[in-house]
Amino acid sequence: MADENKVTIKVNDSGSLRVTGPVELVDAEGNPFEHKESFSLCRCGGSGNKPFCDGTHKSIGFESTSRAKKQ
């Protein structure tokens, strides 16, 4: 059974950061962004809907394949 209180951030290859779980997302002044329990954050810098991903990474050719070090 999944932990309902656990937040997971998945680094998608050449794409967004997928956030799943109960988390509060706030701006630099502490104002909360409205979002669903699962959402994607822009990683390429090209989104027209920052901080959220709008799929622009596909059209601008953003590439990144980050991997965690194996323990």
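Specify which residue in the list Phe39, Gly21, Ala68 is farthest towards the positive end of the charge dipole of the chain, using unit charges on the beta carbon of Lys, Arg (+1) and Asp, Glu (-1), about the Cα centre.
Towards the positive end, the residue furthest out is Ala68.
Measure off, as a whole percent, the carbon and sulfur share of the 1.4 Å-probe accessible area of the chain, all protein chains present.
49 percent
For Lys58 and Asn31, what is the calculated FRET efficiency with R₀ set at 30 Å and r taken between the beta-carbons, to the nearest 0.05?
In this case the efficiency is close to 0.55.
Using the heavy atoms of the protein chains alone and a 1.4 angstrom probe, what is the accessible area of the chain per residue in square angstrom?
Value returned for the chain: 79 Å² of accessible area per residue.
Using just the helices of the chain, give the 222 nm mean residue ellipticity in deg cm²/dmol: DSSP H runs with n ≥ 4 each add -39,500 (n - 2.57), and the total is spread over all residues, rounded to 500.
So the helix-based figure for the chain works out to -1500 deg cm²/dmol.
Hey, if you drop one equal point scatterer on each alpha-carbon of the chain and run the Debye formula without solvent, what base-10 log of I(q)/I(0) do you get at q = 0.13 Å⁻¹?
Treating every Cα as an identical point scatterer, log10 I(q)/I(0) equals -0.44.
The values are calculated or read from the model by the stated rules, or taken from the named source; none is laboratory data. Bear in mind the structure is a predicted one, so any value in this text is a computation, not a measurement. Note that each Cβ is placed from the backbone with ideal geometry, even for glycine, and that neighbours are counted across all protein chains shown. All accessible areas refer to the heavy atoms of the entire protein, side chains included, with ligands and DNA or RNA removed. Shrake-Rupley method; radii C 1.70, N 1.55, O 1.52, S 1.80 Å.
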